[in-house]
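Student: Provided herewith is a single structure, encoded as structure tokens, for subsequent inquiry.
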């Protein structure tokens, strides 16, 4: 499992011309799932994400978490995080999990952020053609894998 975390001032995801998820300050999270991923790996990443201290404190140091700044999450599934570009110019997505497995872990991940850490979660629509907009703050972009 792999997440790309972007600290944002705001972000939204649109499907068929309609905004389906929108946040102010917080994290835009792109989530990729591979075949061997488990709920235990999701638990590890949920904890890392929800406790990640990359918001500025009163001294300007990256020392505060989502909870500290009342931040929110916008979590978007993205199978292309497991693209393999080693041969040729057309990526292979063979390392991405099948949609049924990926959707189950995506939903589990989102629910755990909400239930265990009491963080407001907005989502994209799994498998949809989504348009994601964001104002990256910093920019701060972090990749975490388990």
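The values are calculated or read from the model by the stated rules, or taken from the named source; none is laboratory data. Values in this document were obtained by computation on a predicted structure and should not be read as measured data. No Cβ is skipped: glycine too gets one built from the backbone with ideal geometry, and neighbour counts run over all protein chains shown.
Student: If we keep just the residues of the stretch 97-120 that are more than 17 Å from residue 38 (Cβ to Cβ) and without any contact (Cβ under 8 Å) to a residue 24 or more places away in the chain, which is nearest to the chain's Cα centre (by Cα)?
Tutor: The selected residue is 114.
Student: Could I ask something else about it? Can you tell me which residue among 94, 23 is surrounded by fewer than 19 Cβ atoms within 10 Å (Cβ to Cβ) and either over 17 Å from the mean Cα position of the chain (by Cα) or modelled with pLDDT of 95 or more (or both)?
Tutor: Among 94, 23, only 94 is surrounded by fewer than 19 Cβ atoms within 10 Å (Cβ to Cβ) and either over 17 Å from the mean Cα position of the chain (by Cα) or modelled with pLDDT of 95 or more (or both).
Student: If residue 15 satisfies every condition in (1) under 15 Å from residue 77 (Cβ atoms); (2) touching a strand residue (DSSP E or B) at 6+ places or on another chain (Cβ under 6 Å); (3) crowded, with 18+ Cβ neighbours inside 10 Å but one, which is the exception?
Tutor: Result: residue 15 passes all but (3).
Student: Name the residue that is nearest to residue 145 (Cα to Cα), counting only residues in the stretch 34-52 that are buried (at least 22 other Cβ atoms within 10 Å of the Cβ) and in contact with a strand residue (DSSP E or B) (Cβ under 7 Å, 6 or more places away or on another chain).
Tutor: 45
Student: Report yes if some residue within the stretch 134-143 is surrounded by 16 or more Cβ atoms within 10 Å (Cβ to Cβ) and more than 19 Å from residue 10 (Cα to Cα); otherwise report no.
Tutor: No: zero hits.
Student: Please note which strands (runs of 3 or more DSSP E) are completely contained in the stretch 9-84 and include at least 2 residues that are closer than 19 Å to residue 102 by Cα, touching a helix residue (DSSP H, G or I) at 6+ places or on another chain (Cβ under 6 Å) and free of Cβ contacts under 8 Å to residues at least 60 places away in the same chain.
Tutor: Strands (runs of 3 or more DSSP E) meeting the threshold: 72-77.
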